[in-house]
Structure formats: C-alpha cells, structure tokens
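Derivation of every value follows stated rules applied to the coordinates shown; laboratory data play no part. Small disclaimer: the values here were computed from a predicted structure and weren't measured. Neighbour counts are summed over all protein chains in view; Cβ atoms, including those assigned to glycine, are modelled from backbone coordinates with ideal geometry.
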Amino acid sequence: MTVGSAAIGLAFAGIVIGIGLAAEKTIWDHVYSQAQADRGKVLYTQKCAACHLESLGGTNTASPLVGDDFIEMWADKTIRNLYTRIRTTMPDDDPGSLTEEETVDIIAYVMAKNGCPAGDAELEPSAQSLAGIKLSRRGTR
Ligand code: HEC
C-alpha cells in the first residue's frame with residue numbers, strides 16, 4: 001500500500017465515522033440557535049402563518065407543524081427530508097420561493113415551537129449536516 005492510498009483509506013474511514021456520528025443527532029440535541037429561531041419567526045409569520053396559523057396548529061387543509069402528531073408524522077425521517085419538503089412545496093401558493101437560509105431559519109422556529117432546546121450553533125443549510133439530524137420523538141434516539 002502506498003502512502004497515497006493509505007491516506008485515501010484514512011480519509012474514507014474518517015468520512016464513514018463522521019457520517020456515523022452525525023446520524024446519532026436528533027432535534028433534541030440543541031441543533032439551532034435562538035437568534036436563528038427569532039429570524040424564522042418573522043419569516044414564518046409572513047410566509048406560512050396564513051395557512052398554518054400563528055400557533056402552527058394548522059387547519060383542516062394545512063397540516064399542523066407543531067405537536068405530537070407532527071413529530072409522529074416525521075418520526076425517524078431527518079431534517080433534510082423536512083427541508084426538502086418545505087423548500088420544494090411550500091409556501092403552497094409560491095413554492096420554491098424560499099432561500100436555503102430562510103428555509104433553515106423557519107425550521108429552527110418550528111423546532112423551537114415544538115419545544116426542542118436551542119444551542120450555540122445555527123442549523124446550517126448543508127445537505128450532509130441536515131441528513132444527520134433525526135426528527136425523533138422526545139426522549140428517543
Ligand atoms: C397557501 C397556504 C399555505 C402556505 C402559505 C403554506 N403552506 Fe404548508 N401546507 C399547506 C397545505 C394545504 C399543506 C398540506 C397539503 C400539502 O401537502 O400540500 C401543507 C403542508 C405542509 C407541510 C407538510 C406537513 C406534514 O407533516 O406533512 C409542511 C412541513 C409545511 N406545509 C410547511 C410550510 C411552511 C414552512 C410554510 C411557510 C414557508 C408553509 N408551509 C406555507 C398550505 C400552505
């Protein structure tokens with residue numbers, strides 16, 4: 001084995017370990033910051049509340065974005081799945097209009113309203129990091 005291929009092997013092992021560790025995270029692991037959720041609240045009020053309501057409680061047509069039923073609906077999927085759903089289909093009257101940053105800011109607000117704790121770091125709009133955060137029920141992994 002050459003030094004070069006050993007280095008590639010090590011780098012690959014590092015990526016595999018990195019993905020393994022990343023997948024351990026859930027929405028209960030302080031994955032967004034309070035400042036980000038505050039920005040998300042402003043955006044949510046402008047772009048989502050008309051249908052999903054200020055409370056996030058939803059209506060007969062627009063699904064709730066808060067509460068056990070919401071988390072249950074997404075349980076064991078990742079924030080990346082939720083991100084893609086919002087980015088490609090919402091707002092229902094103007095899909096595709098949110099930027100990457102706006103989408104993660106709104107998700108931070110949705111998490112805050114679901115009682116998930118804030119942390120120091122912001123939720124980043126990177127496919128890899130979003131895929132490493134599971135939407136699990138409180139207290140489960
Ligand atoms: C014009 C009304 C309208 C607006 C504005 C709107 N939505 Fe929706 N949303 C809906 C409807 C209706 C559904 C359910 C039907 C569907 O899947 O399209 C839905 C479904 C969803 C879902 C899927 C929920 C689930 O558990 O399956 C998410 C997440 C969501 N919306 C997020 C958002 C966000 C975030 C915004 C603001 C950026 C937003 N929506 C703005 C009408 C709207």
Determine whether Ser55 is free of Cβ contacts under 8 Å to residues at least 12 places away in the same chain and touching a Phe, Trp or Tyr at 6+ places or on another chain (Cβ under 8 Å). no
Please specify each residue of region 66-94 satisfying the condition of being more than 6 Å from the ligand (Cβ to nearest atom) and within 15 Å of Ala49 (Cα to Cα). Val66, Asp94
When you go through (1) within 12 Å of the ligand (Cβ to nearest atom); (2) buried (at least 16 other Cβ atoms within 10 Å of the Cβ); (3) of a type outside the set (A, V, I, L, M) one by one for Gln36, which number turns out not to apply? (1)
Is region 50-59 home to any residue that is more than 8 Å from the ligand (Cβ to nearest atom), under 29 Å from Gly139 (Cβ atoms), in a helix (DSSP H, G or I) and not polar (S, T, N, Q)? no
What is the residue count in region 103-115 for residues that are near the ligand (Cβ under 8 Å from one of its atoms) and surrounded by fewer than 19 Cβ atoms within 10 Å (Cβ to Cβ)? 0
